[in-house]
Structures are given as structure tokens and as C-alpha cells.
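Input: one structure, supplied below.
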Protein chains: 2
Amino acid sequence: MLDDRKTAILSAVVHEYIATAQPVGSSHIAAAPGVGVSSATVRNEMAVLEQEGYLIQPHTSAGRIPTDKGYRFFVDHLSGPGRVDEATTRQVGDFFAAAHGRLEELLHHTSDLLTGLTKNAAVVLGPKAEAAVIRSAQLVRLSSNAATVVLVFGNGTVENEVIEIDEDTSDATLAAAAVHLAANLTGCSLASAALPDSGDATVDELCRAAFAAVRAVSTDDHVYVGGASTVAEAFDAVEVVRQVLYTLEQQFVVVSLVRDIVDRGMSVAIGVEHGVEPLSACSVVVAPVVVDGEHVGSVGVLGPTRMNYPQAMATVDIVSDRLGRRLGEG
Amino acid sequence: MLDDRKTAILSAVVHEYIATAQPVGSSHIAAAPGVGVSSATVRNEMAVLEQEGYLIQPHTSAGRIPTDKGYRFFVDHLSGPGRVDEATTRQVGDFFAAAHGRLEELLHHTSDLLTGLTKNAAVVLGPKAEAAVIRSAQLVRLSSNAATVVLVFGNGTVENEVIEIDEDTSDATLAAAAVHLAANLTGCSLASAALPDSGDATVDELCRAAFAAVRAVSTDDHVYVGGASTVAEAFDAVEVVRQVLYTLEQQFVVVSLVRDIVDRGMSVAIGVEHGVEPLSACSVVVAPVVVDGEHVGSVGVLGPTRMNYPQAMATVDIVSDRLGRRLGEG
DNA sequence: CGTTGGCACTCGGTATCCTCGACTGCCAAG
DNA sequence: CTTGGCAGTCGAGGATACCGAGTGCCAACG
């Protein structure tokens, strides 16, 4: 643990570096409020902080920049609960007040909102359909050998999947299957639903196929990634930009990344902490979206390790909170 | 019009520049096959080509690079019909043979396919629901004051939208509206559908709301943009990368860009030709997706003006063709 | 007359060198 | 323990020189 003065100095270094992206020297810190001490003393303290791994020098005779460990200490001990300014609060409020329509739209726009507020890439992970209550199940013939199964869930999501059917399946059989599906799925969640035999083998066959298809689809994640262009500004090394963008395009990587962080109960993963090597120059700030005490999704932002943590954390928190409330009403 | 020798020289410059991204000098061209002439002669010809606007010199005593006009001449007169190698043909074939499931998935993966084949950003514009035949219309209550209207179209698309309803709307009214909707929409396309009065004012009110909502949604475009990370490699100026990425994120810009090019009957828009200023360093190669003689969508790739046009055009063509066939079967 | 080899010239890129200044670490005095 | 002072370090940035790729022009040639 660090004493008060080291703490204040580290804090000042982090703040300054976040603001300027330049290595920060002892005299700047000595001038900072809250550090009433000469630059020589600051130098001594900074040497200690460097030895303990909170700071590094890019090269001798340069200022210091925080390490991942330094940022970690900062977010754990220094940044407080985090406040968002009033304009942000209002903007978020307005957004969710004005939001209407489909869940997908809402999540998509939420990601844009986060990007706009934090100037970082944003990730929104929506609720899986699996757990939601099925309000309607339907089977619609598309052609002689294809049909669509459509489920409407209580949260407003609609999932569908195309299944192949036998050429000689009669419309009557299809209708019977549709009725059987509707009767047995409506009111349950997909996870809990079971499909008893109907007595007709052909109908059962159809129903099983439909059920399997829609169950497979409903385990897909609803993930929305926005603000990719911000990473082009955050890093000056083209290679890093490319790697980060490429990784962001692999949505399953992003999904497991975010989910993993949330599951570990963390709200911030700094640099290598999240274990995704191509993103080791990035930090991720996440918050779970909670409805009725249940964790139904996540929101987060991804930016360079020298991101504005207090602001990002506060923004992510307020957005996840409001999104949760919104989903609770809907 | 250019004589044969100028044509050959321009062609060689374009090929060389596409391959190396370096200004190309007269001696390289003189050595190229098909140009049996000394570097001095090439220099004279290049000077003419520069005066006529096909080439420019970044600075005196550097080689030349093609202008947009040079690329335009190249694609119009030089690149021939374009062949894809066998591996590509097979890969595309395999892709569409293996593809199954929902239209959205198919389009999304098609964009990934194009990115993989051309190493450029890819755009896939799917069919609008508007024109497709409605196979099923449904109205499902979500809560006391919200319902979802769901349409299933003959091409396998499912569109839905949430509408607000009066708290005191009875389930019976909702059911009546559902029946009325289904009766009047099934079998038509959204564009051609009309909604006669049912005799019950409340039901009509609901139906109108549902119809309006779903009609609004169905005019949305299904657009899939992939391969954003490739643009980080294509340009070395960070600012250009940022602008291009940002523009690609504005999906409506991309949509109107692609649509405009296709509508003008063009297959390639080079640099400023497409009129989107932030993308003036980019070319776009597009092809319409045609099903039964009808233009239902578009595919395209977007890359730096020094992209490999013959390969891109051939790839886009074959993908659009196979996608059209695939949509025709489905 | 078009083509070609030759030649002088241009100019960006790279390397070298230097200076400047922003740091640091250390030390001795307070 | 803190602080002012001081010598030392090292990268950034500017000046200089050089190199080489490439050009334009011209005179000679078939």
C-alpha cells in the first residue's frame, strides 16, 4: 500500500498523462494542487513508484507514464465513485425517454450513445432470448421445402430460423405442428420448455426440427459494437489499430471478453488483465445490465489504457442503470 | 482516345502501382513486357499522359502514379472481363452450397466472404422487405400497453416492430385486429397492400398503427458492412483511416453510396466519382444482385483507389451472381 | 521523323551531426 | 526528511550533406 503522498503523486501522474498523452515530469507534478512538495521530493517518490512497478520511464531523462499496475491502483483507490456531469445525465435521460421500438434498435443506439459520450468504442450485450417468456410461436411455410419458425418473446424480441421440410409435407401437417408448438411453448421460456409427443410422428418430427433450430438461434448473442473509428485516433501505431479493429470484428471474442470480465465481478480490465493479447494496449470498462435483480446483459466501452477511467466508469454505470430500468418497464 | 502504346504504358503503370504502391518510373515500364521501347520513349509518352490527366507526379523527379482518370481508363479499356482463379470460384461455390438458415445470416457472411477474398471492406445490401410477398401477419401482446406486429415474408425475412396500445385494449380487440391484418396482408406485398375498414373503429385504429409501424420498418435497409480493419492497412495517413471508418459507420451513407452507383448503371466508382467527400481516396466496386430479372440488392467492396480492380470486379461479380441464384432458390 | 542513348538537373529520403531542453539522479545544506 | 543545485542523459527537432531514382532535353541515328 502506498502512503498518502505517493498516492497523490500517482494520481496526479495518471490524470496528467490521461490528459496529455505525454510522459509527465516531476516539476509538473510538484505544481499540481494536492502535492505541496518540491520537484526533488517528487522525483524521489517517483523513483520509488517506478521501482514498485506503478510507473515507467519510456527512456532515461523522460517523464514517467503509468503502468497497467499504476492504472489499476488508480481505479481501485483514487477515482472515487465517479460523477457524470449534468449534461451527460440529461442526454442519457433524454435518450431513454425518447427510445422506442424494437429491442435491437434500442441496443444498437445505446452503443452509439456510449461512443458519443466517451469517445471510445462501445459494446452492448443484449439479453439472450433463451430466458425470456415465449408469447407466441408460429410455423410458416415459405416454399415446398422450407418453413420459418418464429418466436415472439415477452421482452419484445423476435427470433426466427428457417428449417428445411419434406417436399411432401402437407399444409395440414404443418398447421398441426404449428398448433402443437404454440400450445407447448407459449408461456414458458425456451430454456425450460419441453416438447411432448403429439401422437403423430410427422408432426413430432417437424416440431423437433423447429424447436432445435430456434433453440440454437436463441443462444446466439445480441451484440452491438460501435465506434470503431475512435480507435484510429487512440493509437498512432497503425499496426495496433489494425489489430484492435480486427479483434473487434470477431464478435465472439468481444462477447467472451466482456462476459468474462463481468463474470469475474470486475468493472474495469486494464491492458493485459483481460487476457486478449491483441487488445493488450486497451482497457475495457463494463457494467452489467440488471433487471429485477437478474443480470440480463452488459454494456461497456473499450479504449486505450490511458482512457478517462472515472468518466468512462460513471458513464457506463449510468447507461447500464438506465438501460436496465428501460428493459424492466418494456 | 489513346494509341496502343500509350494504352500499354498506362496499363503497366497502373499494374505496377497497384502492386507496389510506389510511384513508378520510366525504366520499370520500359522493362515491362508488352512495351518494347526504351525508357526515353516511355518518358516522352508519360509526359503526354500526364498532360492529358491520366498520370501525376507527386513531385518532380519522382515516378508517376495514376490519377482517378487513369484508373477510369484502366477499368474501362484495359482490365477485360476479369477472371477469378479457380480457388476463388470453388470457395464461393462452397460458401453458397453450405449456406443455410436466415437471410440475415447469409448476407452477413457474404460480406465476410467478400472481405476475405478481396482484402477490402465489403458491403452487402439485402432485399427490402417492402416488395416481398407477405406469408403471415401477426399481432402479439407484450404487456398492457405494448404489442408486437410480426410479418413473415416469402423470402424468409421476418420483420417486426413494437407498437404502443391503449391500456384498456381488450385481448379480443387485439385478436380481431390480428385476424383483420392477417386477412388483408397475407399474399400481398407491403408496397401493394391496402387495409380496408373492418367496421370496428378500435380495431381499425390498431390495424392502422400496426400497418404504419411495420411499413416504416420494412423500408429500412438490410445492410452489412465488414472488413473495416482492412482500411487501417490500406492507408498510412491516420486521419484518412479515421474518416473512412467513420463514414463506413454511418450506414445510410454507405447505402445511398452503393445504391447511387448501381442506379447509375456503374460497376466501379473511382475516387471522387461517387461524390462522398470523406471517401475520395477510395474506390467502390459494386454489382447488383438479381433474382428473376429483378434487382433486389447489391454487393460491393470498398478500398483505396489503387485497389486491384480486375480481381475485385470479378470477385464482386461472381459473388453477386451466386448470391442472386441462392436467393432465387430460397 | 520517331526513337534512343546520354547528360545535366531536381528533389525527396536517409544519415549524420548538433543543439536545445526537459528530464533525471545525486548530493550537500537546511 | 526536504530541498535547491548541479551535472548528466537522451530524445526531439533542425541543419547539412549525400545518394539515387527519376526527369526533361538534346543530339545522333536508322
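So the label point goes 7 Å from the Cα of A:E130 along Cα→C-beta, right? Which residues of segment A:202-221 then have their backbone N under 15 Å from it?
Inside the label zone: A:212-221.
Placing the label point 7 Å from Cα along the Cα-to-Cβ direction, what are the distances from A:G116 to the equivalent spots in the other copies, shortest first, in nm to one decimal?
3.6
Once you keep just the Cα pairs under 8 angstrom separated by 6 or more residues, what percentage relative contact order results for segment B:34-156?
12
Explain nothing, just the number: dipole magnitude of chain B about its Cα centre with +1 on each Lys and Arg Cβ and -1 on each Asp and Glu Cβ, in debye rounded to the nearest 20.
Using Cβ point charges on Lys, Arg, Asp and Glu, chain B gives about 1340 debye.
Between A:A98 and A:T20, what is the label-to-label distance in nm when each label sits 7 Å out along the Cα-to-Cβ direction?
3.8
Could you tell me the convex hull volume per residue, in Å³, taken over the Cα atoms of the protein assembly as shown? Show your work: numbers first, answer last.
Numbers: hull volume 128.7 nm³, N = 660.
So the per-residue hull volume is 195 Å³.
A further question on this structure: Can you tell me the order of A:9-20, A:83-94, B:96-107 when each peptide is scored by its average per-residue count of other Cβ atoms within 10 angstrom, highest first?
A:9-20, B:96-107, A:83-94
Taking the Cα centre of segment A:78-156 as the origin and placing charges on Cβ (Lys, Arg +1; Asp, Glu -1), which of A:S111, A:L142, A:G82 is farthest toward the positive end of the dipole?
Result: A:L142, furthest along the dipole toward the positive end.
Moving to a separate point now. Between helix B:251-263 and chain B, what is the angle of the helix's C-alpha long axis to the longest principal axis, kept within 0 to 90° and rounded to the nearest 10?
Value to nearest ten degrees: 70.
A further question follows. Over 29 Å, how big is the tail of the calculated P(r) for chain A, in percent of all Cα pairs?
Value for chain A (Cα pairs over 29 Å): 51 percent.
Taking beta carbons within 10 Å but only from partner chains, what does the mean come to for residues B:276-286?
What the average comes to for B:276-286 is 0.
Separate question: Compute the orientation-averaged projected area for segment B:7-109 from the convex hull of its Cα atoms and round it to one decimal in nm².
So the mean shadow area of the Cα hull is 9.0 nm².
If you don't mind, there's one more thing I want to ask. Any of A:K6/A:K69; A:K69/A:K119; B:K6/B:K119 with alpha carbons more than 26 Å apart? Name them for me.
Pairs exceeding 26 Å: B:K6/B:K119.
Roughly how large, in nm² to one decimal, is the mean projection of the convex hull of the alpha-carbon atoms in segment A:45-93?
Value for segment A:45-93: 5.1 nm².
Enter the mean number of other protein chain beta carbons within 10 Å of the beta carbon of each residue in B:134-140, as an integer.
Average per residue, whole number: 5.
Going by alpha carbons, how many degrees (0 to 90, nearest 10) lie between the helix axis of B:238-249 and the longest principal axis of chain B?
Between helix and principal axis, roughly 30 degrees.
Per residue of A:212-219, what is the mean number of Cβ atoms on other protein chains within 10 angstrom of that residue's Cβ?
Working: counts 0, 2, 0, 0, 1, 3, 0, 0.
So the per-residue partner count for this stretch is 1.
Between B:E294 and A:M266, what is the label-to-label distance in nm when each label sits 7 Å out along the Cα-to-Cβ direction?
Inter-label distance under the simple model: 5.3 nm.
Under unit Cβ charges (Lys, Arg +1; Asp, Glu -1), what dipole magnitude, rounded to 20 debye, does segment B:31-164 have relative to its Cα centre?
For this selection, approximately 160 debye.
Before anything else, pin down the relative contact order of chain B: Cα pairs under 8 Å, at least 6 apart, normalised by residue count, whole percent.
18
At a Förster radius of 30 Å, what calculated FRET efficiency corresponds to the Cβ-Cβ distance of A:A216 and B:E329, to the nearest 0.05?
E(calc), rounded to 0.05, equals 0.85.
At what distance in angstrom do the alpha carbon centres of segment B:291-330 and segment B:46-64 lie from each other?
Using only Cα atoms to place each centre, the spacing works out to 34 Å.
Moving to a separate point now. If you average the C-alpha positions of segment A:207-229 and of segment B:158-218 separately, how far apart do those two centres end up, in angstrom?
27
Using the Karplus equation 6.51 cos²θ - 1.76 cosθ + 1.60 (θ = phi - 60°), what ³J(HN,Hα) coupling, rounded to whole Hz, does each residue of segment B:76-93 give in order, writing x for Gly and Pro?
Ordered by residue, 3J(HN,Hα) equals 6, 10, 10, 7, x, x, x, 10, 9, 6, 5, 4, 5, 3, 5, 4, 5, x Hz.
At R0 = 56 Å, how high is the FRET efficiency between A:D204 and A:M1 if r is their beta carbon distance? Nearest 0.05 is fine.
Computed FRET efficiency for A:D204 and A:M1: 0.30.
On to the next question. Relative contact order of segment A:221-296: what whole-number percent is it, with Cα pairs under 8 angstrom and at least 6 residues apart?
22
Divide by every residue of chain B the summed helix terms, -39500 (n - 2.57) for each DSSP H run of at least 4, and state the resulting mean residue ellipticity at 222 nm, rounded to the nearest 500 deg cm²/dmol.
The helix-only estimate for chain B comes to -15000 deg cm²/dmol at 222 nm.
Now, a different point. Output wanted: per-residue J couplings in Hz (rounded whole) for segment A:196-207, from phi through Karplus 6.51 cos²θ - 1.76 cosθ + 1.60, θ = phi - 60°, x for Gly and Pro.
Result, rounded to whole Hz: x, 5, 9, x, 10, 4, 5, 4, 4, 4, 4, 4.
Any read-out appearing in this document is the output of simple, stated calculations on the displayed coordinates, not a laboratory observation. Not measured: the values here are computed from a predicted model. Quick reminder, even Gly has a Cβ in these numbers, built from the backbone with ideal geometry, and neighbours come from all protein chains shown.
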